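Right, one structure below, let's go through it.
Just so it is clear, none of the values below were taken in a lab; they were calculated from the coordinates. Model, not experiment: these values are computed from the prediction. Glycine also receives a Cβ, built like all others from the backbone with ideal geometry; neighbour counts cover every protein chain displayed.
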């Protein structure tokens, strides 16, 4: 494993970046019945990326509206919002606060604390910059994607049902995928 203390990101612009919710998404994928995957998404309330001169000293805080969960099946969504899963009445937000940025073997990693269902656990996102640009109105924009796999049971999301054929209805591992676009503030 090789780590580095600096990284060169073409077009990198220090300052504060605010997430644009209309051009960003938090997606997830989980196994269903051990044979297929169910996909869904959440709406992002807010996210701020603080970008100092050294990108490896950057920080991010993000807040997701748990009740905005959408799997394109209202019955399933209501069940996922219930006390069996996210219990959005009690835990209305899913939050991430970074604790560090690093590069290992050429890959950028963002470490942080993910709080979901009232439980906080460390998570590492594989992070990839999409690039920087200027929109037609002169605003600086940045894009990125990030991905992490978490065990939902680590966050107290333990509901499940055994299948007659063996296995369970809902897999433990959930892949979280972030598609992000932010606007430079200062």
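Below 8 Å, C-alpha to C-alpha, sequence gap of six or more: please give me the relative contact order for the range 14-184 in percent.
Taking the mean separation of contacting Cα pairs over the length of the range 14-184, I get 25 percent.
Considering all alpha-carbon pairs of the range 81-133, what whole percent are spaced by more than 16 angstrom?
55 percent
At 7 Å along the Cα-to-beta-carbon direction for both residue 121 and residue 147, put a label point, then send me their distance in nm to one decimal.
1.9 nm
Rank 141, 121, 172 by mean-square fluctuation in a GNM of the chain with C-alpha springs under 10 angstrom and give only the top-ranked residue.
Of the options given, 121 has the highest mean-square fluctuation.
Quote to one decimal, in nm, the extra length available between residue 13 and residue 67 on full extension: 0.36 nm per residue of separation minus the C-alpha distance between them. Show your work: numbers first, answer last.
Numbers: separation 54, 0.36 × 54 = 19.44 nm, distance 3.38 nm.
Gain on extension, residue 13 to residue 67, equals 16.1 nm.
Give the dimensionless ratio obtained when the Cα radius of gyration of the range 14-184 is divided by 2.2 N^0.38 Å.
Dividing the Cα radius of gyration by 2.2 N^0.38 Å gives 1.10.
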